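Q: Once you've had a glance at the structure underneath, I'll fire off some questions.
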Amino acid sequence: MSETIRVLPLSDPVVDTLGHDPRTPYPERFWLPTLGPTAFLLIRYMAHRFDGAPEGFTLDLAETSRCLGLGERHGRNSPMARSLGRIVQFDLAVQHEGETLAVRRYIPPINRRHVRRLPPSAQEEHDAWVRAHLAETPLAATRRNARRMALLLLGLGDTAPGVEHALGTAGFNPAVARDAAGWAWERLNVAAERTVNMA
């Protein structure tokens, strides 16, 4: 196994619109039990890397392994190699020729077969989540996802224009990107004012 791999974004207009950022609550609640903690941490780590390099990046496997707390082991049976295999197995990534991996930036809703394997409490929670979101219009779901991402990017230190640009680059409609950046900027300013007033 090579010491580095090239990671590219895996484009899928449907999943990119309806899917979930790996760092949001849905994947953590419903994908984590299926994917496993190490592979789940890896997909979240890659999402963070995509924030800074949306066109792709080189992943140093030894460094990434240490960042995820997996230690120094290398080779085909290492925790890192198994985690890469799992994200491919669950269609969150596609292996290309050479040392290149195309990875989803957004995680699709978990399929019914995997929902049935969740603990009963998580199955009930997922059913309630689906019922609530089926009542929403597609635009409402897109707006919510854009606003979540905007808050995250602003929290990481980006500017409102930078967030709007990043959302547009990620495939959001320009009007949705503008709305989300403005909404998130206003929320953070209100929170900052409250903090100052409480001091």
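Nothing in this text is a laboratory measurement; each read-out follows from the coordinates by a stated rule. Every value quoted in this text rests on a predicted model; they were computed, and no experiment measured them. Glycine gets a Cβ as well: all are built from the backbone with ideal geometry, and neighbour counts include every protein chain shown.
Q: Neighbour counts of other C-beta atoms within 10 Å: give me Trp185, Trp129 arranged from fewest to most.
A: Values: Trp185 18, Trp129 15.
The most exposed by this proxy come first: Trp129, Trp185.
Q: Same structure again: Can you run phi through the Karplus equation (6.51, -1.76, 1.60; θ = phi - 60°) for region 44-55 and list ³J(HN,Hα) in whole Hz, with x for Gly and Pro?
A: 5, 4, 5, 4, 5, 5, 5, 4, x, 9, x, 8
Q: If you take semi-axes √(5λ) of the Cα gyration tensor in Å from the coordinates, which of [x] 22, 20, 19; [y] 25, 18, 17; [z] 29, 22, 17 do you get?
A: Matching entry in [x] 22, 20, 19; [y] 25, 18, 17; [z] 29, 22, 17: [z].
Q: Below 8 Å between Cα atoms, with a sequence gap of 6+, how large is the relative contact order for region 74-169 in percent?
A: Numbers: 32 pairs, mean separation 9.5, N = 96.
Result for region 74-169 is 10 percent.
Q: Given charges of +1 on the Cβ of Lys and Arg and -1 on the Cβ of Asp and Glu, with all other atoms neutral, how large is the dipole of region 137-198 about its Cα centre, in debye to the nearest 20? Walk me through the intermediate numbers first.
A: Numbers: 7 positive and 5 negative charges, 46 e Å.
Dipole about the Cα centre, nearest 20: 220 debye.
Q: How about region 94-199: which trypsin sites (Lys or Arg not before Pro) there lie in a loop by DSSP and see at most 16 other Cβ atoms within 10 Å? Intermediate values should be presented prior to the final figure.
A: Details: sites: Arg104, Arg105, Arg112, Arg113, Arg116, Arg117, Arg131, Arg143, Arg144, Arg147, Arg148, Arg178, Arg187, Arg194; in loops: Arg104, Arg105, Arg116, Arg117.
Taking region 94-199 and a limit of 16 other Cβ atoms within 10 Å, the loop trypsin sites (Lys or Arg not before Pro) found are Arg116, Arg117.
Q: With Cβ to Cβ distances under 12 Å as the rule, what net charge do the other residues near Asn111 carry (K, R +1; D, E -1)? Write down the numbers at each step before the final one.
A: On the way: positive: Arg112, Arg113, Arg116, Arg117; negative: Asp91.
Here the count lands on +3.
Q: Same structure, new question: Picking from Pro161, His133, Gly182, whose Cα lies most toward the positive end of the charge dipole for the chain (charges on Cβ: Lys, Arg +1; Asp, Glu -1)?
A: Value computed over the given set: His133.
Q: Would you please put 51-58, 17-24 in order of how densely packed they are, using the mean number of other Cβ atoms within 10 angstrom per residue and starting with the highest? Numbers along the way, then the final one.
A: On the way: 51-58: 12.5, 17-24: 19.0.
Highest mean packing first, the order is 17-24, 51-58.
Q: Shifting gears a bit: Give the angle, between 0 and 90 degrees and rounded to the nearest 10, that separates the Cα long axis of helix 174-198 from the longest principal axis of the Cα atoms of the chain.
A: 70
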